[in-house]
Every structure is written in C-alpha cells, then in structure tokens.
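The values are calculated or read from the model by the stated rules, or taken from the named source; none is laboratory data. Predicted model, so just to flag it, every value in this text is computed and none were measured. Ideal geometry is used to build each Cβ from the backbone, glycine not excepted, and the neighbour counts take in all protein chains shown. Ligands, DNA and RNA are stripped out before the accessible areas are found, and what is left, the full protein with its side chains, is counted by its heavy atoms. Shrake-Rupley method; radii C 1.70, N 1.55, O 1.52, S 1.80 Å.
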Amino acid sequence: MRGLIAYVLDVTIAVLFFLPFYMKLRSYGGLRVDIYSYGVLPVFMLSLAACAVLITEFLLFFLFATGLAEGWKQIAGIGLLSAFTWLTWRKKKSTGAEACVCYGDVGFLNRFPIYRNLVLIGILLIDAGVKREPGDVYSMLHSLVLVMSLSFTVELVTFRWKRREV
C-alpha cells in the first residue's frame, strides 16, 4: 500500500512540475519577461535563468515520474519551490502583483502562487516520508508517458472549459 501511495504522490508531483515546464517552454519569451518582472536579474542573464528554470523543472518531472533519486528530488523540489515562493513574496511586497503565469492557461493553478507553493512543499514533505523503489526501464517509460498524458489532459480540459465560457 505504501508503494501505491508513493507512486500516486510521485505522479502527482511529476504532473505539477511537467505542466509549468511545458507551458514555459511554449512561451519562452513570456518566461523571460516574467523572470525580469521579479527585478532580481539584469537583462543579459534572463536567457540563462530561463534555461536554468526549464532544465530544473524538466529534471524534477523526470525524477518524480521515474522514481529515481529518492530523497534528493524532494530536497531539490522544496528548494526550487522555496525560491519561487520567496521571489513571489518579494514581488508582491514591492509591486502588489501576486498572480503568476507558471501554469499557462491552467488558471486555477496560477491563483495564489504563494499558498500553492506552500501546499506543494507540504506534499513534497509527505512524499519524502514515503519511499518508492524505482522500477525497471519499462515501468519508468510507462510513468513518463502517464505523466505527460495527464498533463496534456489537464491542459485540454482547461482549454475546453475556457472555450465554454466565451
């Protein structure tokens, strides 16, 4: 039962790292503008920072989907989300703007990013307490495809939902 709980948590977390990776990749220019809006980096470093964010989110998606690097992936995820939370808090304090576009058109995940990140950190802490043994290559590939399919399903449902509102 613990293995199933660990798998469900890992897949959920993998989806929550794949979605922003994919959305940011689709709008690379928007990602650079969003990074600039935090006011912590000079313009010449925006592309490097954007690449670093994309690579980090992709690696976290991959590690959670495959079950590799148990313990380290949770630490990296908590570190990344803590940095994002601090930057968002800093931006809110200086500009009053709290909303982000991390999840693209999936609007319900973009509202209240500080609270969302704190909840995700909590989920990562729970996940750290439930160990998952990585499977064979076939099960890892299956998990990768499952996570991508779930992520695209969320995007399609959101797109359909928005289309109904118009």
Segments classed as helices (runs of 4 or more DSSP H), wholly inside the stretch 62-166, with at least 1 members that are more than 15 Å from Val15 (Cβ to Cβ) and modelled with pLDDT of 90 or more: 72-95, 113-128, 137-165
Residue among Tyr22, Tyr36 that is surrounded by 13 or more Cβ atoms within 10 Å (Cβ to Cβ), under 16 Å from Cys100 (Cβ atoms) and more than 17 Å from the chain's Cα centre (by Cα): Tyr36
The stretch 54-111, residues that are open to solvent by 60 Å² or more (accessible area, probe 1.4 Å) and among the small types (Gly, Ala, Ser): Ser94, Ala99
Top-ranked residue of the stretch 124-151 - restricted to ones that are open to solvent by 40 Å² or more (accessible area, probe 1.4 Å) and touching a Leu at 6+ places or on another chain (Cβ under 7 Å), ranked as nearest to Phe84 (Cα to Cα): Ile126
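Could you say whether any residue in the stretch 30-53 is under 23 Å from Gln74 (Cβ atoms), touching a Gly at 6+ places or on another chain (Cβ under 8 Å) and β-branched (Val, Ile, Thr)?
no
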Residue match in the stretch 86-107 (condition: touching a Phe, Trp or Tyr at 6+ places or on another chain (Cβ under 7 Å) and of a type in the set (Ser, Thr, Tyr)): no
First in the stretch 1-27 and of a type in the set (Asp, Glu), second anywhere and open to solvent by 10 Å² or more (accessible area, probe 1.4 Å) and at pLDDT below 90, Cβ under 6 Å, 6 or more apart: Asp10/Arg132
